[in-house]
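Okay, so here's the structure we're looking at.
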Amino acid sequence: MPILARPGVDLYYETRGRGPPLLLVAGLASDSLSWLSVATPLAERHRVIMLDNRCVGRSAPQDVDTSVDAMAGDCVALLDALGVERAHVLGHSMGGFVAQRLAATQPSRVDRLVLAATSVRSGARNTALFTDMADMYDTGADRERWFRQLFCWIFTARAFDDPAFIDMALRWSIDYPYPQSARGFRRQIGALAAFDGSRDLARIVSPTLVLGGREDLVFPPAVLEALAAGIPGAKTLMIDRAAHSIHTEQAKAFVEAVTRFLAG
């Protein structure tokens, strides 16, 4: 099992494919397996690098201090360990926070940058939502109801018209072999709440694509457009029939948008 040893934490990671390196940074409560729907097609053109962020998945222990800066440092350390001087970086949601900080503070390490379903900050509403969900987790809420509530925020209303899709997502989530602990979830929420990337944007020099789901409730299109407006030369693309979990609901469109942008 590939592990990157960092002070106080062992980080799990995977690589697949060949070609220009592409680092994928997952969002809140998500790990390397959250990229399952897109990792294989992306690996047809790229050396895809995926890690389990602090406090989630197979990285251990999950109850470890974390912040966006710490996670960005983990990404740099992983690139160093793999001998990668420069990589494309794709961050989703919280992973987009990490990717922004990485691009702003380590510009020589980031080739092209994709910021998917993200923003410059979490915002009070999202922080309140995630904190309430953490409280439910702590008090032993029914897991199926907990995930169903989460799905209302990250999938389109259309997804709920397909009972087979929702049932599959529930089964996958409930039976997941590497569940995030309640403490790990709360640690990541704290990292989200503390992050403000507004001063980073003007320092990003990498060609940037801001990629959103047209029906995203967590970070709606207007938020994505504001993010792009702050990054010199950034492009914006909204994917139809997609909400926050773009790469799950619209995997093909997501991969096409990313590979086309990375190809320049």
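Shape call for region 4-120 from the C-alpha gyration tensor, a ≥ b ≥ c root eigenvalues: rounded (a/c under 1.5), prolate (a/b greater than b/c) or oblate? Here region 4-120 falls in the rounded category.
With only Cα atoms counted, region 3-262 has Rg and Dmax values of 16.9, 46 Å.
Sites listed here are trypsin sites (Lys or Arg not before Pro) in region 220-255 whose DSSP assignment is loop and whose Cβ has at most 16 other Cβ atoms within 10 Å: Arg241.
Summing Cβ point charges (Lys, Arg +1; Asp, Glu -1) relative to the Cα centre of region 109-218 gives a dipole of roughly 480 debye. In this rough spin-label picture, where each label sits 7 Å from Cα along the Cβ direction, the Arg199-Thr40 distance is 4.5 nm. In the chain, taking the dipole from charged Cβ atoms about the Cα centre, the farthest positive-side position among Ala103, Leu36, Cys55 is held by Ala103. Mean separation of Cα pairs under 8 Å and 6 or more residues apart, divided by the residue count, gives the chain a relative contact order of 21 percent.
Take the chain, mark every one of the GluC sites (Glu not before Pro) that falls in a DSSP loop and has at most 13 other Cβ within 10 Å, then report the longest stretch left between them, sites excluded.
Between the exposed loop sites, the longest stretch runs 86-264.
Would you mind ranking Leu36, Leu90, Leu217 by Cβ crowding within 10 Å, fewest neighbours first?
Leu36, Leu217, Leu90
Converting phi to 3J(HN,Hα) with the Karplus coefficients 6.51, -1.76 and 1.60 and the offset θ = phi - 60°, region 16-29 yields 7, x, 9, x, x, x, 10, 8, 9, 10, 7, x, 3, 6 Hz in sequence order, with x at every glycine or proline. Between the amide H of Leu23 and those of Ile49, His88, Val89, Leu90, distances stay under 5 Å, these residues lying 5 or more places away or on another chain, with hydrogens modeled in the peptide plane.
Relative to the Cα centre, the charge distribution of the chain, modelled as +1 at Lys and Arg Cβ and -1 at Asp and Glu Cβ, gives a dipole magnitude of about 600 debye. Each of Gln149, Leu224, Pro20 was scored by the projection of its Cα onto the charge dipole of the chain, and the greatest displacement toward the positive side belongs to Pro20; charges sit on the C-beta of Lys, Arg, Asp and Glu.
Can you tell which of Ser198, Ser245, Ser119 shows the greatest fluctuation in a Gaussian network model of the chain with Cα springs below 10 Å? Its mean-square fluctuation being the largest, the pick is Ser198. Highest mobility in the GNM of the chain, judged by mean-square fluctuation with C-alpha springs under 10 Å and restricted to Gln188, Gln106, Gln149, is found for Gln149. In the elastic network of the chain, a GNM with C-alpha springs shorter than 10 Å, the most mobile of Ala128, Ala116, Ala193 is Ala128.
Values quoted throughout were computed directly from the atomic coordinates according to the rules given, and no laboratory measurement underlies them. Since this is a predicted model, take the numbers as computed values, not measurements. Cβ sites come from the backbone with ideal geometry, for glycine too, and all protein chains shown count toward neighbours.
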